[in-house]
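The values are calculated or read from the model by the stated rules, or taken from the named source; none is laboratory data. If you're wondering where the values come from, they're calculated on a predicted model, not measured in any experiment. So basically every Cβ, Gly included, is an ideal-geometry build from the backbone, and we count neighbours across all protein chains shown. Keep in mind that these areas ignore ligands, DNA and RNA; they rest on the heavy atoms of the full protein, side chains included. Shrake-Rupley method; radii C 1.70, N 1.55, O 1.52, S 1.80 Å.
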2 protein chains.
Amino acid sequence: MMEQIRKAITIHDVAAAAGVSVSTVSRVLNDKDDVAAETYERVQQVIAELGYASSLAARGMRSRRTNVIGLIMPDVAAPYSVAVLQGINRAIAQSDYDLIVYTNGDVRKNASAAQESYFVSLLNGSITDGVIVVTPVATNFSTAAPIVAIDPNNESPDCPAIISTNRDGALQAMNYLIGLGHRRIGFINGRSELVSASRRLRGYRDGLAAAGIPFNENLIEIGDYTTETARICTHRLLQLDDPPTAIFAANDQTAMGVYQAAQERKVLIPEELSVVGFDNLRESVFLNPALTTVDQFISEMGSIAVEMIVKLINGKTLETDLHKIQTQLVIRDSCKSFV
Amino acid sequence: MMEQIRKAITIHDVAAAAGVSVSTVSRVLNDKDDVAAETYERVQQVIAELGYASSLAARGMRSRRTNVIGLIMPDVAAPYSVAVLQGINRAIAQSDYDLIVYTNGDVRKNASAAQESYFVSLLNGSITDGVIVVTPVATNFSTAAPIVAIDPNNESPDCPAIISTNRDGALQAMNYLIGLGHRRIGFINGRSELVSASRRLRGYRDGLAAAGIPFNENLIEIGDYTTETARICTHRLLQLDDPPTAIFAANDQTAMGVYQAAQERKVLIPEELSVVGFDNLRESVFLNPALTTVDQFISEMGSIAVEMIVKLINGKTLETDLHKIQTQLVIRDSCKSFV
DNA sequence: AAGGATACCGGTAACGTTACCGGTAATGGT
DNA sequence: ACCATTACCGGTAACGTTACCGGTATCCTT
């Protein structure tokens, strides 16, 4: 077994086996009409018999068209990434394109801009017709093929991008909590260098200000969007002399950390502590109690990105370079009014 | 803005800008030692300035080595796939290789063998040095580069593969339930054409047989590993004249469907119905009550696959072509003894 | 000082494919 | 019967890169 070191078959092998020239095989492969029906059949049969598939590399190099869209994301297995992937996958299925996801598996938090542009050029102009990048630090890429950024870390990116209304979503969450009577509201933020985190903090502060509640430094924790860090932050908040009656978590994974810490301290959610998250991940429904959270339609961002990149690939112009997605509070069972 | 239709830069541009030949630039790129320190520096600087990245396609075509590993999976966003991805990602990060995930976004359940081999040849021999395929139907690929299959749908695949002990895991689950006193145990299977499903059914039947419990056709439902179908199957089981006191779900997503149906019928888990799953997905901890399930170490399968493919790429031989992973029952809160 | 070794670099060919051009045979029109 | 058109197909060059060979200038050795 496993003696299949039979050298990979090329278009030349197919041509030889079918008794035609490589040009003709190429024409068959690309469904050009300048080939006799009989010849077409014969070549197709040989292709099937030999199990031939054309080299994506060679094809892309010569014809400048691969029908493949690239996707670059820092960590493919993170819940956020998975949600994006779902949307992209759905859109790809309905398109004529295939998808290649590229990652170096590096889950170090701070991918450098240089590395990102490296990845982009690596794919673009060789094996992909266009690239979608997720939460990039860089937004200026030197490449011929089009690029679309999802949630870029740049207030004014110079490539087409999709962003969600982070401040507005946070504001909705705050208004909801304040409407329930909460006045001591803790906030556990994401990594502060991320634009999304600073925009959500903005919403938190604006929400307080609009209600005339003074900003209290002690109620702010700087997390990193991970559950474990959020657990620690929550413990710090809950052991304050005057602990918060509600916590606004900057994303759902952070909210999970809040749940964990609350359970460890025998603090009941929502009776003794209200919690609001951000993202509306699939998992948030399964939490007990089900998490109230801000939906930022992550999957939609993915599918819209595909639509945009396809337009760009086909030389069309976009209606808008900056596609904003409206966030929306989803009320479940993790909050209770505070009297 | 967005006038970056500056034609992609090639090694020739770099060579011209640095005042050297393309050969020298190539040597710098590949860290060959036949280049003066001063020249090396200058070329590196030009590369950085121009933001040049070599074309993966051209490189792979010429040098037969790309340092990229391919991964082919039917649905990247499915929970199972995500778990595999996690393991693969972890292992990739510690290796010298990058990862490309290929999908056509087709979530149709039955990908054809032809399509699979097409994908494999597409990647292999052009842009990847080796490919990992997840739950392939085909296991005989005509390609020069190595292949490793995860959970192949073939009892005796003729390529190196990683499989988990499905029957044994199911047996553990059954012994546990029977040990708790259950005798009417329902089983919701996955798609019957999958090897994993038939092996788990085998374990279910063997478990019954060992305990002297007669097999009852009515307690078997054929699902498709999805939550929605499982919901429907569960309703059928629970409205039987003599409904099961426990349900063994063929995977965790199926178990979630059982939870949903139970909730709709006001059937309490575990008081009135015990549930065991299979997979031990991340989500299973968040379920309420936490799901007792068979861990099949999906992530480990991914990282082991990377180890295997790297060995094969480097011409080493594997200790074993068929790597079996031991499954293990994880007991949580979804089962109770039946008196 | 002459010969040989070494350091460094450029030119050429090839990887597998498609775009383009051109050529042959068959067909149609008069 | 002759020219024009058409249908079909083959040859050649090029995509961007690296392997390989070979060439020049410098250095070392005796």
- What number, rounded to the nearest 500 deg cm²/dmol, is the helix-based mean residue ellipticity at 222 nm of chain A, given -39500 (n - 2.57) per DSSP H run of at least four residues and division by all its residues? -12500 deg cm²/dmol
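What trypsin sites (Lys or Arg not before Pro) in segment A:10-74 are in a loop by DSSP, with at most 15 other Cβ atoms within 10 Å of the Cβ? Write down the numbers at each step before the final one.
On the way: sites: A:27, A:32, A:42, A:59, A:62, A:64, A:65; in loops: A:32, A:64, A:65.
Filter output for segment A:10-74: A:32, A:64, A:65.
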- Task: Using a 10 angstrom cutoff on alpha carbons, build the Gaussian network for chain B and name the most mobile of B:12, B:235, B:182.
- Result: B:12
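What percent does the relative contact order of chain A come to when contacts are Cα pairs within less than 8 Å and at least six residues apart?
Details: 636 pairs, mean separation 55.9, N = 339.
Here the relative contact order equals 16 percent.
What fraction of the Cα pairs in the protein assembly as shown, stated in percent, has a spacing above 48 angstrom? Write out the running numbers ahead of the final one.
On the way: 50227 of 229503 pairs.
Value for the protein assembly as shown (Cα pairs over 48 Å): 22 percent.
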- Of all accessible surface on segment B:11-54 at a 1.4 Å probe, what whole percent is carbon and sulfur? 46
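Tell me, what is the per residue accessible area of chain A in Å², probe radius 1.4 Å? Intermediate results must be reported in sequence, preceding the final value.
On the way: 14650 Å² over 339 residues.
Spelled out: the 1.4 Å probe surface of chain A, per residue, equals 43 Å².
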- Item | Reachable aspartates and glutamates from residue A:324, criterion Cα separation under 18 angstrom, eight or more residues apart if same chain | A:151, A:155, A:158, A:168, A:279, A:295, A:300, A:307
- Task: Taking a probe of 1.4 Å and counting only protein heavy atoms, give the total accessible area buried between chains B and A in Å², rounded to the nearest 100.
- Result: 4900
- Message: What does the net charge come to around residue A:201 if you take all other residues with beta carbon closer than 15 Å to its beta carbon, with K and R at +1 and D and E at -1?
- Response: -1
- Cα extents of segment B:112-190 along the three principal axes, largest first (Å): 57, 20, 19
- Task: Report, in debye and to the nearest 20, how large the dipole of chain A comes out about its Cα centre when Lys and Arg carry +1 and Asp and Glu carry -1 on their Cβ.
- Result: 260
- When only Cα pairs under 8 Å and 6 or more residues apart are kept, what is the percent relative contact order across segment A:110-195? 20
- Which residues of segment A:52-69 end up with at least 40 Å² less accessible area in the presence of all protein chains than when their chain stands alone, using a 1.4 Å probe? A:53, A:56, A:57, A:61
- Within chain A, the percent of DSSP beta bridges that are antiparallel, given to the nearest 5, stands at 10
- Note on the structure: Interface call, segment A:278-294: threshold 10 Å², probe 1.4 Å, accessible heavy-atom surface of protein chains, chain by itself vs complex, result A:282, A:283, A:286, A:287, A:288
- Message: Under 20 °C and 1.002 mPa s, how fast does chain B diffuse according to Stokes-Einstein, given a Kirkwood radius computed over C-alpha pairs? Answer in µm²/s, whole number.
- Response: 95
- Position residue A:13, label points 7 Å along Cα→Cβ, spacing to each other copy in nm (shortest first, one decimal): 3.6
- Message: Under the convention of a label 7 Å out along Cα→Cβ, give the distances in nm from residue B:321 to the same position in every other copy, shortest first.
- Response: 5.7
- Could you state the orientation-averaged shadow area of the convex hull built on the Cα atoms of segment B:149-192, in nm² to one decimal? 3.9
- Between the DSSP loop rule and a limit of at most 12 other Cβ atoms within 10 Å, which trypsin sites (Lys or Arg not before Pro) in segment A:159-247 are left? none
- Query: Expressed as a whole number of Å, what is the distance separating the alpha-carbon centroids of segment A:224-295 and segment B:167-230?
  - Reply: 37
- Query: Nm distances between the label at residue B:232 and the same-position labels in the remaining copies, 7 Å along Cα→Cβ, shortest first?
  - Reply: 4.9
- Report, to the nearest 10°, how far helix A:37-50 tilts away from the longest principal axis of the Cα atoms in chain A, using its own Cα long axis and a range of 0 to 90°. 60
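Which three numbers, in whole Å and largest first, are the semi-axes of the equivalent ellipsoid of segment B:144-294 derived from its Cα gyration tensor as √(5λ)?
Its equivalent ellipsoid spans semi-axes of 27, 17, 14 Å.
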- Message: Straight-line reach from residue A:7: which lysines fall under 19 Å, measuring Cα to Cα and dropping same-chain residues less than 8 apart?
- Response: B:316
- Task: Compute the relative contact order of segment A:33-162 as a whole-number percentage, counting only Cα pairs closer than 8 Å that sit 6 or more residues apart in sequence.
- Result: 23
- Message: Show me the three semi-axes of the equivalent ellipsoid for segment A:11-54, from the C-alpha gyration tensor (sqrt of 5 times each eigenvalue), largest first, rounded to whole Å.
- Response: 14, 10, 10
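Arrange the residues A:241, A:252, B:295, B:168 by how much accessible surface each exposes, largest first, with a 1.4 angstrom probe. Walk me through the numbers on the way to the answer.
Values: A:241 160, A:252 0, B:295 25, B:168 50 Å².
Of A:241, A:252, B:295, B:168, the descending order of accessible area is A:241, B:168, B:295, A:252.
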- Task: Quick one: pull the percent of accessible area on segment A:166-296 belonging to carbon and sulfur, 1.4 Å probe, ligands and nucleic acids left out.
- Result: 48
